[in-house]
Every structure is written in structure tokens, then in C-alpha cells.
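Structure record follows, encoded as C-alpha cells.
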Amino acid sequence: MLRKSHFNIRKFIYDTFDKDAAKVVFEREGIWDCTTCSACLKKCPKGVDTTGIVMGLRSLMVEDGRIPPPIRDALKSIAIHKNPWKISAEERSKWAEGLGVKNISEGADILYYVGCTPAYDARLQKVARAIVEILNRAGVDFGILGNEEGCCGSEIRRMGDVWTFEYLAEENIEIFKKYNVKKIVTTSPHCYNTFKNEYKGANFEVQHYTELVASLIEEGRLSFTHQIDKTVTYHDPCFLGKQNGIFDPPRKVLTSIPGIKLVEMDRARERSLCCEGGGGRMWVESEDSEDRLAKIRVGEAMDVGAQILATSCPFCLLTLEDVVKTGDLEESIKVMDIAELVKEAL
Amino acid sequence: MSEEFEPNIVGFACNWCSYAGADLAGTSRMKYPPNIRIIRVMCSGRVSPSFVLKAFQMGADGVLITGCHPGDCHYIAGNLKCEKTMETTRKLIDVLGIGEERLRLEWVSASEGSKFADVVTDFTNHIRGLGPILGKSQG
Amino acid sequence: METAEIRIGVYICHCGINIASTVDVDRVRDSISQLPNVIVSRDFKYMCSDPGQELVRRDIKEKGLNRIVVASCSPRMHEPTFRMTIQQAGLNPYCLEMANIREQCSWVHEDREYATAKAVKLVSAAVAKVSLLEPLEEKEVEVRPEALVIGGGIAGIQASLDIADAGFKVYLVEREPSIGGHMAQLDKTFPTLDCSACILTPRMVEVERHPNIELLSYSEVIDVSGYIGNFHVKVRKKPRYIAMDKCTGCGMCAEACRMKGKIISEFDVGMGKRSVPYIPFPYAVPSKYTIDPENCLFITKGKCGKSPACKDACSSDAIDFEQKEEIVELDVGTIVVATGFDLFDAREKPEYGYGLYDNVLSGLEFERLVSSSGPTQGKIVIDDKEPRDVVFVQCVGSRDKSVGNEYCSRVCCMYTAKQAHLIHEKLPDAKLTVFYIDIRAFGKGYEEFYDRVREEGVRYIRGNVSEIIKKGDRLLVMAEDTLLGEPVDIEADLVVLATGIVPRKDVKEVGNLLKISRSPDGFFLESHPKMRPVDTATDGIYLAGCAQGPKDIPDTVAQAKGAASSAMTKMARGKVKVEVTTASVDTFVCRGCGRCVEVCEYGAPNLEEVEPGIFVSQINDSICKGCGACSVVCPSGAISMKHFKNEQILSQIAAVI
């Protein structure tokens, strides 16, 4: 983050050699600037767990109550409503009304874990509905947790509240056990990542929805009837791509859709540029004067002639689309989730 | 001699690293308790469980095996074989009521004279603290 | 077995006052004299002195002693001395046991009572063991005066020439059509800037002409059996589809080839093209063509026009599509492993854009670009344009845990400095920047060369490059200057990655073939990192060059000479002593379970079928190193370790407590 922020992870590490880590982090600015995208972690030749250190330093801030108000509100909301968006848990499954989605308590092969943002955010609800329609069309036996679904804790962990994360993880594992869940499919790469890599003692398989859809297409369970004659580029979300190595299934889905011409941006796959939506950044106001990475990213997509910038992460969708809206670019480029494109082509 | 319990300790040291380390402790005139008596073997991997059992049977209160550090073994991996053998041997002597902590395996290189002295001192104090093996004195 | 009465002599040394000041020598002597079979128990001021040794020799003769215990310093010090002493008196040297009452008693204890009591126990244990010791016969095996050298890079070339010059026959096996290895691909060598080909070519020609060297090029070792002195080796000679004795190296076949200019040249690492019949480089040895079977239309499709163009063009009728592979069997006394290295594949570091951008080159690709024998005749051009801004990135694939290579490749700092210098020489106006983590200029003249390059205006920035992206038709290199803590962006037309040295892809298979092990970095493991840097744990097999770990040319040549010298020492004597204290099998007790075969690192035990369905382990004395691991795992107690038999050690244990 050195390029945009004063935050320099090396400086933090060196300074904490002989000084109290809490003091160092309290006196410095920039600890909230890291998006935990893990680009530095993946490249570090000495294998330093930079992202882990950021989360650790943030936990010192949280422990001491030194947190920016929007983050404090998000944390509080999770404690009360089990989502960071300050909306009642009773309204969690409103998006699914009228879709006839089965509750997992009725028993199903797959739990579709929707996630907080797709459940509450009006824009993302479209993505959740699209996924339901795709799964129904392919005849997948799935169910949702309804209002019983709670936050996965990925973002809260990255904001430094490790205690609440552990509590959420335990509670979720209990719920999954209660309904004998063997396989979970997520909308968000963030939920996917935390279930897969951070839930200790979990005993279930996790898939990102793009993986499932790619295999449904391959098995011939999904077929397309509509053409989408568009040039599309794909933005690899950090938590799906560079952190979990899932590069090909989303592309496979896109290239299976008739008419779509997939073009790659220079920074693709492991080289993808972070949209700045991770690590709790959705709840922090950006104060830097530099261009937002999402803006650079939309520019890169337009440079390769894309009419549609596709992605597969709720945060990426929101940050990228925000740039398009605020920059008056709606005529030139559209930001869409892969699920929406698939649904359109069915 | 004092009234304090003075344990008998049998040491097995491999020729290439730890026996040389013990010699170095000597040439450097380091001091350690005299309770240990070292038997030289070519490799720690030569130490058979029967040697350990024999030592306890004859009245040893502790057995210390020293070998080369992993990766330094003169015979490629004899030290790791010893580690594996001693894992089960430790369980066996525990079952026999001797207590697994009376058998210790340590890596000491030819250059670690001071480590050898420290290991012996520590192990001797440890065994002294444990006291005689129960039932032995009555037997 | 002899049943003669055991007659032991025990000699306790004062070592001046080294032992006597802490240990009551008189008391030890008297206690020991009470032990069974002890005929003589004496003390003496210095046992290792001539009179001390003479005392032992006289007693042996006069008192008929047949076992000797010397209680003095460490056996690591004087065991060889006293073995010789008793041998001079007609005893078998293995009828000796020493008690270490100096290093492991008098020097480490202060209390005279305790030290004396301990000394008595240590000497008693030695007496107990010596009573059970058996005479052992020393053994020697013949060493054949032929050596095998695997790999024809500079390491293999140097080792072959040294061994051959000493008068021994050398079989040099090279996998590629020509010897020369990586060194042949380099332009200039650091820090002296000699042209690589100029110093290598004469040596290659020497190999070809040497009466003692048989070069097996385009060949691979496929099997090695036996042991020091008598290795049996199988080599596969791949078909060249060109008769070596007829080919004149004229190159008409390559000119005529229908695939001419369409096949990527391995030698030019993708920077140039070649035909199907090819000679890797102009000064190749042997200077004969080879038909690349993977790309040949006639071989792959069975059809090449009306008839193969190369065949029509060859005026000496050398093209022979009927050629088959051949297995050659060799018997050699020693083996030198000089199999070299592979270059790190920079695609594993996607942030650098290698493989994506044509103007991001590996270090070796740049060598071919800048070489006057290369595809551009040494003109530094990218897309027909001379670069104005060139960035070098150090430590690509080295010192990098993210790709699993923790080690330093030891050549990249210097080759980067050299490459920067070469660009500066040819394009004085080009702006040159090197990104580095640390600069390692440790060799003779290296630091001086690095200083010279900096003075030439090359900018060194400390920091690892974070990413390289496209900016128009140029590249944007982004990094942090970690000395200043500031981000740096540099636009470049050419990026050269200092790609490191990694073990050969098939290093594991080759290791298994030769039964030599590897260190954690993946390279072959030397016997001792300092004292035996060219030996392997297998006697008779020696290491040279990058097969053992990254090295520059001077170090490679030095190690190759060392490996050659080790091999020659064994062959010059013609015989080698093998370990006497080896394991042996009581074939009557052995039930053929094979645990010994599993546990042995050297392949000494072998199950042999003595009767149909009945297996018995046989241990090859010449291979066994005497570690004793097999005797520990043997469930039936059939294996005993000479000189460290179970009963011998058990008697020591009983006596020491």
C-alpha cells in the first residue's frame, strides 16, 4: 500500500522489534489502509505473514477501542444483527421471497451460503437471485439457511476483531452440523476463503459458485439459449484468484456463454489488481488523493475494449460499479457479476 | 560422598558428532556431573531398544542418547532412525513403569562441546529430581 | 573360532598430570587387576610415548596377552596408534579397546572420588568388551582404472581432462548432441570479461582429441550397479539418424530441411530458430549433425515431400533413418557426477510478466541476445529497436521462499553486473537500473567489478520489484526503494531477470540411479560440507559443479579438479580398503524379511533366493559402511555388527553401571 498510503508494513515490523507493538500501532497512521489482498504476502521472498501481522496489529487497536467510527458501527452491527449492514436479522432472507427456495432444514445436497452483502444489498440481491435461478435450472438440490444464516466473520477478522470471528465461526459450524451440511457453495470469495482456510475443525466441502456453475456446464446440466454478443473482460477477485488459485472456472463459465468474446486485461490472474474492497475497506472512508484502484481497474478494462467488466465477488462488484456510476461511464462499460451473465443467457 | 541420591546414567554417543562433542567438552575443560558413563557407538542408529532395557535392568536411572543433528548424520539418516526407534522404546519403558522421561535423545554436533555439557548437566539434574526408579531399591 | 584363553593387559595412562591429578591411577590399576582374565594391570606416565608402547609390546610377547585395554585419552586420538602397537607385537589390531578417562572423565570432573570411581567403571566396561572382541581381517578391493564422467559441461570437461591426463580411461557421457553445457551459451564471463567460447572451445576440442577419453554424446546413463572399484554402467545412445562416421558437418542437410527456421533453438533458448537436422552451435563437439526426431516430418508423419530433403542434400550419404538406439555397457572404477543445473522458470513469478511480454528476458536469453554467435550477432535489439531504458531484476527464483528456493544462486549478482556492463559498452546512452535485495560480490575481483559497473553509471536500487505491467509499448517496473522507503516507477524497453540456478528436473531419478542423496535445496549432497566437499556418501562417486549446488565457473573448475583428484587417488592405488567393521548375516537365523534392505541407505543388504521361495539376506562388505541400523531392525537377530555386536555392547552396559 506504500504507493497510496503511508502504511509501510516493514516499518511496523522493524519498529516492533524493540518497541511495544501496541504503542507503535497507536502512534502510526495507515493501519486501516491495507485491503488484506495478500499481494505482498504471495510475493514475499522470506515468507513473512504480512496479512497476519496487519490483522494482529488491528486486533491491538480493537482491544484498546481505537477504531474508526464506521468500523466500530460495522462490528457492533455484526454483534447485534449478525451482519455488518445494520439491518435486522429478521430481514435476511427477504431477497428470496417468492423464489420458492427450500430451507436447508428440509434437507438438501448443498447449502447455498448467501452472505451478508448479497442478502441485504439491493444490487447484490440480483446476483443471489440469479444464482438461485441457475441452480434451479440445473436441477441442483440446494437449500438456504434463511434468517438463521449469520455473518461468516471474514471481514470482522480482517478488521482485527478476532474474538467475534471465533465466536461466529463456532456458531456457524454448530449450525452446519445441525443440518448435517456436507457441501457449501458461496456467493462471495470472502466467505469461501474463510470457510476453507480459517474455520478450524470444519468438516464440509466448500465451493465458490463459479466452480459449481463451471462443473454444471461441463456436465451438460446447463445449456444456453440466448446470445450475449459482447466483449467481456474478467476481474479476478483477490480472495478467489491470488489467494485461492481459482482462475479458470470463472473464465470457463464466461467462454461457454454463446456470443461472449473474452479479452484479458494486462493484469490478469495472479497479477490482478485489488479493487480495494477487502480487509474491512468497505466500511472505511478513503482519504487518499490518489486514484482509487477500482478506477484504475475500470480504465484497464476499457483499454482492452471491454463492454462488460465481469467479476465474481460482491465487494468487487460494488467498488467497480461505483466508479462507473460516479465517473459517468455507464454508456461505455457495464459492471456485472458472472451469475447475472449466465442467467441472462439461459 | 553426600547423602543425596546420585543416579547412574548410561550415555550412548555416536562416533562422528556427539562423541566428538563430548571430547570437545573435555578439551575445553567444561564441567558436568560425573554420573554419566558414555558408551561409544558408530551411529545413534546402532542403539537398539535392548541396550536401553539392559541399562535399566542393570540399575541405570537414566539413559541419554546423543546423535548428530538431523541432516548431519555420517550415515545419512541413522539419527532419524534412532529417533523413531526411541519413540517406541520410550512408550515401552513407560509401560514397564520406568517412566518415559528417563530416556532422552539429544542432537549434539562435534562443535557443540558446551551443549554436550549442558545436556548432561540438565539430564542429570532431571534424573536426580525424579529419584530412584520405584521398586528398584526394594528389589 | 579360536577358543584360546582370553589374556588381557590393561594400561592406565597418567597423561602427565592430565589424568593423574583428578583420577587416582593407582586405585584404578588395583581394582582392575581383580577382574577376571586380566593378567596384567599397569599404569604409566605417557602410554603413547615410545616406552609406553614398548611396555605393551613386551607384555604381549612375554605374558602371552591376546587382548589389550588402554585407558587414556579419546580413541579418536590414539586408537590408530595403539592398534599399530599391538599389530607390531603380532596381535590383530581389532583386539584393542580404549577407555576414555581423559576427555570424558579427568578433564570434565573435579571431585577426585567421583572421577576415580567413574574411571574404574569406564575401564571395567572396556575390559568387558575387549574379552568379547574378535580379530577382524582388513579387506581390499581392486579399483578398475576407468572412470565415468556424467555430464559434459565445464565441470565434466575439466574432470575428464584431468583424469585422462593422468593416464586413466574416461567415458564422458553427455545427454545433448554436443558437450559444452551452459558455459557454451554465455557471452563474456565475469569479472575478467573473457569470451566464454574462447576459453571453453579449446578444452572441448581437447576432449575430442584425447586418446584416453571416449565421448558418448547424445547418450544417457540408464543403470548403475556395483560399488567402488567395480561399477557396472549401462548407457543409452540415442539415434542421431545421421552416421557419425560419414557426417562431415557441412550443414547441407540443415539448409535443405523443409522445416528450416521453424524450430526453436534450445541452444539459443528460444531466441533463435533452427532446422530439424541441427548442430547446437557452430563450435559444437562432436561437430556432427543430429536429426531432432520430435520435429522431423519423415519420422513423425512418415512423409517429407517425395523423399526427405536432408537425405537428398547429403553428399556423403550420412542420413540414416534406420538408426536405432544402442545400449552400451561399461565397467568403471569411479564415477564423477557433473550433471549441472536448470535455469529457474520465471513464469513461477507471474508478477514479472515473463512469458507474457517479449521484452522481459531471462538471464540466459539475454546472454544469447548479446552474444556475437547469437541470433542477432550480438546486436542488442528488441523488436528491431535498441532499448533506451533497461531494468535488471535480481534474485528471480533465488532466496525466495515463495517458490521454495531459499538458497542464493551465487552467480546472478555478478552476471547482472556483467550484463549491465555489456549493454553500457554497446549502448552507452542506455539508462541502466538494477533492483537488488543484497549484492553478493564475494569472489576474487568481484567487488572491484561491481564498483566499476556502478561507476559506469548503472543505478542500483535496493528493493524487490513488486510488479511489471504494460505501459503503451513499454514496460512499467514498480518497486519500493527500501533504503528511502519510497515507491519507484521506472519505464523500460527491456527487463532482464536474473534467473537463478535450480536442480535438474530429473535430479531425483539420477540420484536414485547412483544411490546418492540430496540436500534440502534439491542438489546432490556432499559427504561433509567442509572436509569432504566432492565426495558423496557412496564411495567412488564424486561431485563436480552445479550438480552439488550453485557455483560460478572458477568454483566449478576447482571442484571438478577436486573430484578428478579423488577419483584418481583411488584408481592410482588400484586397490581400496573397505570398511572392516561391517554387518554380517547369520544365514541360518535369517528369515528373509527384508527389513535390513529397507533400512539401509547404501543398498548393502540384498535378498537372495537360496532355494525356491526361500530368501536370505546377504550383505555386501564393500558397500556396507558399518552404521549398524540393520542390526537394530533385524527381528530375528540374524545380523550382527562386527566390533559392535550386541553381546559386546551389552557387556559394556553391565560393566559400566
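The values are calculated or read from the model by the stated rules, or taken from the named source; none is laboratory data. This is a predicted model, so every value here is computed, not measured. Counting neighbours? That spans all protein chains shown, and the Cβs are built from the backbone with ideal geometry, glycine included.
Here's the yes/no breakdown for (1) more than 14 Å from C:I68 (Cα to Cα); (2) crowded, with 21+ Cβ neighbours inside 10 Å; (3) among the aliphatic types (A, V, I, L, M):
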site: C:V23; (1), (2), (3): yes, yes, yes
site: C:V28; (1), (2), (3): yes, yes, yes
site: C:S33; (1), (2), (3): no, no, no
site: C:Y46; (1), (2), (3): yes, no, no
site: C:D50; (1), (2), (3): yes, no, no
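One residue stands out among those in segment C:504-532 that are touching an Asp or Glu at 6+ places or on another chain (Cβ under 7 Å) and either at pLDDT 95 or above or basic (K, R) (or both): the one that is surrounded by the fewest Cβ atoms within 10 Å (Cβ to Cβ), which is C:K505. The residue pairs whose first member lies in segment C:167-182 and is in contact (Cβ under 8 Å) with a residue 24 or more places away in the chain, whose second member is among the acidic types (D, E), and whose beta carbons are closer than 6 Å, counting only pairs six or more residues apart or on different chains, are C:K169/C:E146; C:Y171/C:E214; C:R175/C:E220. Inside segment B:21-49, can you point out the residues that are within 7 Å of another protein chain (Cβ to nearest Cβ), among the hydroxyl-bearing types (S, T, Y) and within 24 Å of C:C627 (Cβ to Cβ)? Within segment B:21-49, just B:S48 meets the criteria. Quick check: is even one residue across segment C:478-490 on the phi > 0 side of the Ramachandran plot, surrounded by fewer than 14 Cβ atoms within 10 Å (Cβ to Cβ), more than 34 Å from the chain's Cα centre (by Cα) and more than 9 Å from chain A (Cβ to nearest Cβ)? For segment C:478-490, residues on the phi > 0 side of the Ramachandran plot, surrounded by fewer than 14 Cβ atoms within 10 Å (Cβ to Cβ), more than 34 Å from the chain's Cα centre (by Cα) and more than 9 Å from chain A (Cβ to nearest Cβ): absent. When segment B:99-126 is limited to residues that are of a type in the set (V, I, T) and more than 21 Å from B:Q57 (Cβ to Cβ), the one that is surrounded by the fewest Cβ atoms within 10 Å (Cβ to Cβ) turns out to be B:T121.
For segment C:468-485, a residue qualifies if it is among the small types (G, A, S) and out of contact with any helix residue (DSSP H, G or I) (no Cβ under 8 Å at 6 or more places or on another chain), and the qualifying residues are C:G472, C:A479. For the criterion of being away from chain C (no Cβ under 12 Å), within 27 Å of A:I184 (Cβ to Cβ), at pLDDT below 95 and touching a Lys or Arg at 6+ places or on another chain (Cβ under 9 Å), A:A74 passes. Do we have any residue at all in segment C:139-162 that's over 26 Å from the mean Cα position of the chain (by Cα) and at pLDDT below 95? Yes, because at least one residue in segment C:139-162 is over 26 Å from the mean Cα position of the chain (by Cα) and at pLDDT below 95. When restricted to residues that are within 20 Å of C:T581 (Cα to Cα) and facing chain C (nearest Cβ under 9 Å), segment B:50-80 contains 7. Name the one entry in B:K81, B:K54 that is charged (D, E, K, R) and crowded, with 24+ Cβ neighbours inside 10 Å. Answer to the check: B:K81. For segment C:232-244, what are the residues that are assigned to a strand (DSSP E or B) and within 19 Å of C:R175 (Cβ to Cβ)? C:V233, C:K234, C:V235, C:R236, C:K237, C:I242 - these are the residues of segment C:232-244 that are assigned to a strand (DSSP E or B) and within 19 Å of C:R175 (Cβ to Cβ). Of all residues in segment C:100-147, those satisfying the criterion of being within 8 Å of chain B (Cβ to nearest Cβ) and over 24 Å from C:C48 (Cα atoms) are C:E110, C:D111, C:E113, C:Y114. Summed over segment B:90-117, the residues that are in a helix (DSSP H, G or I) and among the hydroxyl-bearing types (S, T, Y) give a count of 1.
Taking the numbered list (1) within 14 Å of another protein chain (Cβ to nearest Cβ); (2) among the basic types (K, R); (3) surrounded by 23 or more Cβ atoms within 10 Å (Cβ to Cβ) in turn, C:R67 passes all entries but (1). Taken over segment C:379-398, the criterion of being surrounded by fewer than 22 Cβ atoms within 10 Å (Cβ to Cβ) and either touching a helix residue (DSSP H, G or I) at 6+ places or on another chain (Cβ under 6 Å) or without any contact (Cβ under 8 Å) to a residue 60 or more places away in the chain (or both) is satisfied by C:K379, C:I380, C:V381, C:D383, C:D384, C:E386. Annotation note: Cβ proximity below 7 Å between a residue of segment C:619-648 that is facing another protein chain (nearest Cβ under 9 Å) and farther than 22 Å from C:Y227 by Cα and a residue that is small (G, A, S) and surrounded by fewer than 20 Cβ atoms within 10 Å (Cβ to Cβ) (sequence gap 6+ or interchain) occurs for C:N646/B:S50. Any residue at all in segment A:311-318 that is among the polar types (S, T, N, Q), surrounded by 24 or more Cβ atoms within 10 Å (Cβ to Cβ), without any contact (Cβ under 8 Å) to a residue 60 or more places away in the chain and closer than 22 Å to A:S188 by Cα? Within segment A:311-318, none of the residues are among the polar types (S, T, N, Q), surrounded by 24 or more Cβ atoms within 10 Å (Cβ to Cβ), without any contact (Cβ under 8 Å) to a residue 60 or more places away in the chain and closer than 22 Å to A:S188 by Cα. Just one of the listed residues (A:G30, A:G47) is surrounded by fewer than 15 Cβ atoms within 10 Å (Cβ to Cβ), part of a loop (DSSP other than H, G, I, E, B) and within 14 Å of chain C (Cβ to nearest Cβ), and it is A:G47. Flag set for A:A122, criterion: surrounded by fewer than 24 Cβ atoms within 10 Å (Cβ to Cβ) and within 18 Å of the chain's Cα centre (by Cα).
So is C:A89 under 26 Å from C:K642 (Cα atoms), modelled with pLDDT of 95 or more and surrounded by fewer than 18 Cβ atoms within 10 Å (Cβ to Cβ) or not? In short, yes. From the list C:C310, C:C253, C:C247, the lone residue that is in a loop (DSSP other than H, G, I, E, B) and over 25 Å from C:V370 (Cα atoms) is C:C247. Applying the set (1) in contact with an Asp or Glu (Cβ under 8 Å, 6 or more places away or on another chain); (2) surrounded by 24 or more Cβ atoms within 10 Å (Cβ to Cβ) to C:R144 leaves exactly one unmet item: (2).
Residues in segment B:1-19 that are out of contact with any Cys (no Cβ under 8 Å at 6 or more places or on another chain), under 23 Å from B:T85 (Cα atoms) and within 8 Å of chain C (Cβ to nearest Cβ): B:N8, B:V10, B:Y19.
Those helices (runs of 4 or more DSSP H) of segment A:51-144 in which 1 or more residues are of a type in the set (K, R) occupy A:69-81, A:122-137. Scan segment C:263-275 and give yes if some residue there is of a type in the set (D, E, K, R), more than 34 Å from the chain's Cα centre (by Cα) and not in a helix (DSSP H, G or I), otherwise no. Checked segment C:263-275: at least one residue is of a type in the set (D, E, K, R), more than 34 Å from the chain's Cα centre (by Cα) and not in a helix (DSSP H, G or I). Scan segment B:47-59 for residues that are assigned to a loop (DSSP other than H, G, I, E, B) and under 11 Å from the mean Cα position of the chain (by Cα) and the total you get is 1. Scanning segment B:108-135 for residues that are of a type in the set (G, A, S) and in contact (Cβ under 8 Å) with a residue 12 or more places away in the chain yields B:S109, B:A110, B:S111, B:G113, B:S114, B:A117, B:G131, B:G135. Counting the residues of segment A:5-27 that are more than 14 Å from every other protein chain (Cβ to nearest Cβ) and among the hydroxyl-bearing types (S, T, Y) gives 1.
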